[in-house]
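J.: This structure is in structure tokens; I'll ask about it shortly.
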Amino acid sequence: MSTHDSTATRLERSPRGRKAKRHVWRHIIALVLSAYALLPLLYVVSASLNPTGTLTGSNRLFRVVGLDSYRRLLASDQFPFLTWFKNSLIIGVTTAVLSVFLGALAAYAFSRMRFRGRRTGLLTIVLVQMFPQLLAVVAIFLLLSRIGDLVPAIGLNTQAGLICVYLGAALGVNTYLMYGYFNTVPSEIDEAARVDGAGHFRIFFTIILRLVAPILAVVGLLSFITSMNDFVIASVILIDPERQTLAVGLYRMVSNPNYADWSAFAAGAVMASVPVVALFLFLQKYIVGGLTAGSSK
């Protein structure tokens with residue numbers, strides 16, 4: 001046996017060699033999964049750079065590169081993309097902020113206060129989440145139609161009405177998620193603050209919210225993504241094209257297959273993903289970092 005073969009055999013039998021061999025398989029699996037996840041994204045980006053407006057030849061990624069689809073989308077008079085984008089941002093940001101605030105208030109009450117019906121309320125929240133929101137589309141439509149007769153500002157074809165629907169759908173699951181995280185914060189912190197004369201209002205806003213920042217970031221991000229990507233509820237409630245969201249507007253662009261501009265549709269999808277990616281990068285340090293360890297300092 002040669003010196004090279006004997007050295008390779010010793011490395012393979014050594015603990016370091018076996019560990020390196022295991023890492024090779026992990027890297028291979030990670031590369032396969034990454035390629036599987038990135039291929040659709042690359043295809044959409046490639047289609048958005050195709051100036052022909054069709055998907056013909058898009059199977060060859062980045063065969064033709066141009067920004068004509070972005071120009072057509074932004075300059076179109078028939079499809080107000082910038083208006084749809086603004087509407088989605090307003091609805092998404094408002095829903096995220098209010099869902100985080102209301103969910104945190106409810107989670108703090110369930111976690112720190114003892115009152116009649118507390119256990120029943122928690123069980124009700126869990127049971128309600130078992131039913132998909134799609135089952136309530138007809139009821140939501142009729143409810144907003146009746147409410148619009150009394151309070152037109154939150155009725156059908158209003159962004160405020162859509163935000164209220166999103167808040168009602170997200171409040172249950174957000175409260176349950178935050179409730180579990182609030183329970184990880186030591187109650188001794190609340191007791192020490194009460195000894196110093198602090199009430200629930202001061203404890204919640206000055207102490208608890210800082211310690212539960214990771215779950216607030218996660219809930220805010222999920223609420224923002226859900227409202228930005230929703231199509232069914234938004235298409236039922238918003239009828240006026242000037243008030244529609246980005247998901248509904250982009251669907252209108254390709255609803256007629258004879259006149260569908262697929263590259264402009266892909267360009268709109270690429271631009272719609274920018275706020276979500278930016279928000280994720282901004283909140284990454286709160287999502288990754290756990291601040292409960294720092295609460296004991």
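J.: Kindly establish whether residue 130 is on the phi < 0 side of the Ramachandran plot, of a type outside the set (Val, Ile, Thr) and in a helix (DSSP H, G or I).
T.: Working: on the phi < 0 side of the Ramachandran plot: yes; of a type outside the set (Val, Ile, Thr): yes; in a helix (DSSP H, G or I): no.
When the stated conditions are applied, residue 130 does not pass them.
J.: So for segment 150-161 (the condition being of a type outside the set (Phe, Trp, Tyr), within 28 Å of residue 85 (Cβ to Cβ) and in contact with an Asp or Glu (Cβ under 6 Å, 6 or more places away or on another chain)), does at least one residue qualify?
T.: First pass over segment 150-161, keeping only residues of a type outside the set (Phe, Trp, Tyr): 150-161.
So of that shortlist, the ones also within 28 Å of residue 85 (Cβ to Cβ) come out as 151-161.
Cutting the leftovers down to in contact with an Asp or Glu (Cβ under 6 Å, 6 or more places away or on another chain) gives us 157.
Yes - at least one qualifying residue is present in segment 150-161.
J.: Among the residues that make up segment 203-224, is at least one of them in contact with a helix residue (DSSP H, G or I) (Cβ under 8 Å, 6 or more places away or on another chain), at pLDDT 90 or above and outside any helix (DSSP H, G or I)?
T.: Among the residues of segment 203-224, not one is in contact with a helix residue (DSSP H, G or I) (Cβ under 8 Å, 6 or more places away or on another chain), at pLDDT 90 or above and outside any helix (DSSP H, G or I), which makes the answer no.
J.: Any idea which residue in segment 74-109 is surrounded by the most Cβ atoms within 10 Å (Cβ to Cβ), counting only those that are without any contact (Cβ under 8 Å) to a residue 12 or more places away in the chain and assigned to a helix (DSSP H, G or I)? Lay out the reasoning, then the answer.
T.: Taking segment 74-109 first, the residues without any contact (Cβ under 8 Å) to a residue 12 or more places away in the chain are 74-75, 77-78, 82, 86, 101, 109.
Now restrict to residues that are assigned to a helix (DSSP H, G or I): 74-75, 82, 86, 101, 109.
Numbers: 74: 15, 75: 8, 82: 12, 86: 13, 101: 13, 109: 17.
Looking at the filtered set, the residue picked out is 109.
J.: Same structure, new question: Got a number for residues in segment 149-180 being touching a residue at least 60 places away in the same chain (Cβ under 8 Å), among the hydrophobic types (A, V, I, L, M, F, W, C) and outside any helix (DSSP H, G or I)?
T.: 1
J.: For residue 261, are the conditions met, namely being acidic (Asp, Glu), within 22 Å of residue 170 (Cα to Cα) and in contact with a helix residue (DSSP H, G or I) (Cβ under 8 Å, 6 or more places away or on another chain)?
T.: Values: acidic (Asp, Glu): yes; within 22 Å of residue 170 (Cα to Cα): no; in contact with a helix residue (DSSP H, G or I) (Cβ under 8 Å, 6 or more places away or on another chain): yes.
For residue 261, the condition - acidic (Asp, Glu), within 22 Å of residue 170 (Cα to Cα) and in contact with a helix residue (DSSP H, G or I) (Cβ under 8 Å, 6 or more places away or on another chain) - is not met.
The values are calculated or read from the model by the stated rules, or taken from the named source; none is laboratory data. Remember, it's a predicted structure, so these values are computed and weren't measured experimentally. When we count neighbours, we look across all protein chains shown, and the Cβ atoms used for this are built from the backbone with ideal geometry, even at glycine.
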